[in-house]
Amino acid sequence: MAGLAAAHRLLQRGARVTVLEASDRVGGKLLPGEIAGVRVDLGAESMLARRPEAVGLAREAGLGDRLQPPATATAALWTRGALRPMPKGHVMGVPGTAAALAGVVSEEGLARIGRDAELPRTEIGDDVAVGEYVAARLGREVVDRLVEPLLGGVYAGDAYRISMRSAVPQLFEAARTHPSLTEAVRAIQGRTAAAPQAAGPVFAGLEGGIGTLPPAVAGTVRARGGEILLGTPVTELRRTAPGTWRITAGGRVLTADAVIVAVPAPAAASLLRAEAPAAAAELAAVEYASMALITLAYRRADAAALPGGSGFLVPPVDGRTIKAATFASRKWGWIDREDPDLVVLRTSVGRHGETEVLGRDDAALVAVSRHDIEQATGLSAAPVATRVTRWTDGLPQYPVGHHARVARVRDHVAKLPGLAVCGAAYDGVGIPATIASAHAAVDQLLGDPAGVEELTAHPVRSLDGGAGE
């Protein structure tokens, strides 16, 4: 998606563009599919609507009339043996008051939250792990019961390792300037409520699925004269002279006066090793998490046990296998309309460092998903169709110090005129953040500093997956 977004922006600025795509399709983690004849997403299934980049690109690609908010945004937590309403009044699980988490954390945990204002101010420094900082201020229960499932849903990572500066930058900045964490959260909530865009939906989808966005953007790129070569992996990138790059791809050699490397960090490291070895070394150290999405279709008559809402998150502390479930037919009106006699669900499994569960075959992943769904909701009927989609090394991890690593990569790359990098490994894993990084890469190449500042104009919030996916 980053490569397509960069190509689209370059063409708007009058450049000639060739997109080299290693696979046989465009779109990366945005993958359209179907189950039991109903169109569904097999990758990311929603995008933040309160950032302009993704919805803006969708409109520019001719999809403006297909943008839709979720039919319901009411989600739950499956914790302590029951489905409980998702608490309100928090920032990525961090509450502004103890009352916000009543029913999710214990009485002892609520009392611990209430003592935050009595604690001496905590100096954060240049960065800190979200879980480590929140646990020190509010107790581990807050992290384990709410922060962990929310952050784990976005990054498939460990809240006690994830960088607060990179993953929740607005909380990081507020915590540096307020004496207590709960006061910092209340300050963020006040600013959010006063923002002009606060009245609109937080998330948006597309009729037919978010997976329809990449082909639409690709169509626009081609219509404007851009070339997209599928099944053309780049194997070598060399600078032959100032302002000239030689690209070896798919058995052919191309030349260009500028190159944007919009691939995952390991592939970028391989391509940059010859010309930017220091940047390559930094990128080679970026870790990734793998996950799988299990899509299940049920007869509506068999799914009467499902509760209301869009789905639920699962704290890993409860020992369940799935980490989230989305009731797709409830969440997206277009799925429900495509076949009113079907109910489509999907679950997600896999976090950073988990290898055992993802080593199971598809049938086993379907079985464990059905087991957990039944335990949570009472739905015991057999699905009429199932699909398992594996995303090996699908999500880059943002540990403490990630922002500094990204800055070093960009500093090294900037020493080579006509070279830029972008993608999910840098400024956020969500669709808008990825597109913003592509725009910044283009603006860097074209010498537009105002465009580069776009990355900091909109704080990164990467909750693109709805109910934790």
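Among the residues of region 39-59, at least one is more than 20 Å from the chain's Cα centre (by Cα), part of a strand (DSSP E or B), farther than 21 Å from residue 395 by Cβ and not assigned by TED's automatic domain parsing to the domain that holds residue 182.
Tallying residues that are buried (at least 24 other Cβ atoms within 10 Å of the Cβ) and part of a helix (DSSP H, G or I) within region 313-349 yields 4.
Any idea how many residues of region 102-121 are assigned to a loop (DSSP other than H, G, I, E, B) and either surrounded by fewer than 16 Cβ atoms within 10 Å (Cβ to Cβ) or not assigned by TED's automatic domain parsing to the domain that holds residue 160 (or both)?
Of the residues in region 102-121, 6 are assigned to a loop (DSSP other than H, G, I, E, B) and either surrounded by fewer than 16 Cβ atoms within 10 Å (Cβ to Cβ) or not assigned by TED's automatic domain parsing to the domain that holds residue 160 (or both).
Filtering region 217-231 to residues that are surrounded by fewer than 19 Cβ atoms within 10 Å (Cβ to Cβ) and either modelled with pLDDT under 95 or in a loop (DSSP other than H, G, I, E, B) (or both) leaves 224, 225, 230, 231.
A search for C-beta distances below 7 Å between a residue of region 339-353 that is farther than 20 Å from residue 36 by Cβ and not assigned by TED's automatic domain parsing to the domain that holds residue 154 and any residue that is of a type in the set (Ser, Thr, Tyr) and surrounded by fewer than 21 Cβ atoms within 10 Å (Cβ to Cβ), counting only pairs 6+ apart in sequence or on different chains, returns 349/321; 350/290. Counting only residues that are touching a helix residue (DSSP H, G or I) at 6+ places or on another chain (Cβ under 7 Å) and part of a helix (DSSP H, G or I), which one in region 359-413 is surrounded by the most Cβ atoms within 10 Å (Cβ to Cβ)? So, considering only residues that are touching a helix residue (DSSP H, G or I) at 6+ places or on another chain (Cβ under 7 Å) and part of a helix (DSSP H, G or I), the one surrounded by the most Cβ atoms within 10 Å (Cβ to Cβ) is 409. Output yes when any residue across region 301-312 is surrounded by fewer than 19 Cβ atoms within 10 Å (Cβ to Cβ), part of a helix (DSSP H, G or I), at pLDDT 95 or above and not assigned by TED's automatic domain parsing to the domain that holds residue 442, and no when none is. The answer is yes; a qualifying residue exists.
In this structure, does residue 156 turn out to be of a type in the set (A, V, I, L, M, F, W, C), under 25 Å from residue 429 (Cα atoms) and modelled with pLDDT under 95? When the stated conditions are applied, residue 156 passes them.
Let's see how each residue does on (1) over 18 Å from the mean Cα position of the chain (by Cα); (2) aromatic (Phe, Trp, Tyr); (3) more than 28 Å from residue 160 (Cα to Cα):
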{"site": "343", "(1), (2), (3)": "yes, no, yes"}
{"site": "368", "(1), (2), (3)": "yes, no, no"}
{"site": "383", "(1), (2), (3)": "yes, no, yes"}
{"site": "423", "(1), (2), (3)": "no, no, no"}
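I'd like to check something: does region 19-29 contain any residue that is in the same structural domain as residue 222 (by TED's automatic domain parsing) and farther than 25 Å from residue 252 by Cβ? Yes, there is a match, as at least one residue in region 19-29 is in the same structural domain as residue 222 (by TED's automatic domain parsing) and farther than 25 Å from residue 252 by Cβ.
In the set 195, 175, only one residue is surrounded by 15 or more Cβ atoms within 10 Å (Cβ to Cβ) and more than 21 Å from the chain's Cα centre (by Cα); that residue is 175.
The values are calculated or read from the model by the stated rules, or taken from the named source; none is laboratory data. Here the structure is a predicted model, which is why all the values come from computation and not from measurement. Neighbour counts run over all protein chains shown; Cβ positions are idealised from the backbone, glycine included.
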